[in-house]
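Enquirer: Pasting a structure here, questions to come.
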Amino acid sequence: MGGKAVCLVSGGMDSAVTVAIAKAEGREIYALTFDYGQRHRREVECAKSIVRHYKAKEHRTLKIDLALFGGSALTDRRMKVPKGRQKADGIPVTYVPARNTIFLSYALAYAEVAGADHIYIGANHIDYSGYPDCRPEYFAAFQRMADLATKRSVEGMPVKIMTPIIGLNKAGIVRKGIELDVPFELTWSCYEGARKACGRCDSCLLRLKGFSQAGAEDPVEYEV
């Protein structure tokens, strides 16, 4: 394998495992993190630690302010982050409008400039919060768009969107991370940015479920 890859690194466990997979496949990592107006900077700092751990060739942190639009509990402080698992019959208030489309568009531009053949994103649609831009059909559609929209594709060098953990449940993601020696202690999944993870938001509950089902101990501290 080998070659250059743009990796979206959020600071969470899914993106850390995805970076580890890209590294194990011999890719040269060009990391991309977004400071997009989210509720806290904890995940951005964790992303920096993860990127250092994997010795990325470059790490770009892009500042864009999706809080200008709001529409999500993660970007609008007037909205409360719900606690407990959210119902599967609706899209939760933690969904950030068009986030993956925005992120992947920037990643595609970065890949063209860096000469990267792949973009890795840690999306998952098994144990997840029900976001529409985490589904396999979404990524297939984005791939078709990318194949039409870039100079690289026109010249016969398309950028491939890689979603290596999209079909794994959280336990499978944890097991894969353990197999690849992922430093889970450097990651952050909680929607809040306190000293300890809340243990009650959807993201924390999914993470805790994964570690429990994998028979592993989560190194992150929780309030509950």
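The values are calculated or read from the model by the stated rules, or taken from the named source; none is laboratory data. Note that this is a predicted model, so its numbers are computed, not measured. Note that each Cβ is placed from the backbone with ideal geometry, even for glycine, and that neighbours are counted across all protein chains shown.
Enquirer: Quick check on my filter: what residues within region 170-183 are in contact with a Lys or Arg (Cβ under 9 Å, 6 or more places away or on another chain) and over 18 Å from Thr33 (Cβ atoms)?
Expert: Of everything in region 170-183, those that are in contact with a Lys or Arg (Cβ under 9 Å, 6 or more places away or on another chain) and over 18 Å from Thr33 (Cβ atoms) turn out to be Lys170, Ala171, Val174, Leu180.
Enquirer: If you check Ser129, Ser203, Ser189, which single one turns out to be crowded, with 21+ Cβ neighbours inside 10 Å, under 14 Å from the mean Cα position of the chain (by Cα) and more than 22 Å from His53 (Cα to Cα)?
Expert: None of the other options fit; the residue is Ser203.
Enquirer: List the residue pairs whose Cβ atoms are under 7 Å apart, where the first residue sits in region 118-146 and is at negative phi, the second is among the basic types (Lys, Arg) and not in a helix (DSSP H, G or I), and the two are 6 or more positions apart or on different chains.
Expert: His118/Arg27; His118/Lys160; His125/Arg135
Enquirer: Further question: Being closer than 18 Å to Thr18 by Cα and crowded, with 18+ Cβ neighbours inside 10 Å is the requirement here; does Val159 meet it?
Expert: For Val159, the condition - closer than 18 Å to Thr18 by Cα and crowded, with 18+ Cβ neighbours inside 10 Å - is met.
Enquirer: A follow-up question, please. If you take the residues of region 29-56 that are basic (Lys, Arg) and surrounded by fewer than 19 Cβ atoms within 10 Å (Cβ to Cβ), which of them is farthest from Val81 (Cα to Cα)?
Expert: Lys55
Enquirer: Among the residues of region 132-159, which ones are over 17 Å from the mean Cα position of the chain (by Cα) and among the charged types (D, E, K, R)?
Expert: Selection gives Glu137, Arg144, Asp147, Lys151, Arg152, Glu155.
Enquirer: Can you list residue pairs whose Cβ atoms sit under 9 Å apart, with the first residue in region 56-76 being farther than 20 Å from Tyr95 by Cβ and the second being exposed (fewer than 14 other Cβ atoms within 10 Å of the Cβ) and among the charged types (D, E, K, R)? Count only pairs 6 or more apart in sequence or on different chains.
Expert: His59/Arg52
Enquirer: Return only the number of the condition from (1) surrounded by fewer than 20 Cβ atoms within 10 Å (Cβ to Cβ); (2) within 28 Å of Lys196 (Cα to Cα) that Gly26 does not satisfy.
Expert: In the conditions (1) surrounded by fewer than 20 Cβ atoms within 10 Å (Cβ to Cβ); (2) within 28 Å of Lys196 (Cα to Cα), Gly26 misses (2) alone.
Enquirer: Also: Is one or more of the residues making up region 32-55 at pLDDT 95 or above, in contact with a Lys or Arg (Cβ under 9 Å, 6 or more places away or on another chain) and of a type in the set (Ser, Thr, Tyr)?
Expert: yes
Enquirer: Output the residue which, of all residues in region 74-114 that are at pLDDT 90 or above and small (Gly, Ala, Ser), is farthest from Tyr128 (Cα to Cα).
Expert: Ala114
Enquirer: What are the residues in region 153-199 that are basic (Lys, Arg) and either assigned to a loop (DSSP other than H, G, I, E, B) or out of contact with any strand residue (DSSP E or B) (no Cβ under 8 Å at 6 or more places or on another chain) (or both), if any?
Expert: Of everything in region 153-199, those that are basic (Lys, Arg) and either assigned to a loop (DSSP other than H, G, I, E, B) or out of contact with any strand residue (DSSP E or B) (no Cβ under 8 Å at 6 or more places or on another chain) (or both) turn out to be Lys170, Arg175, Lys176, Arg195, Lys196.
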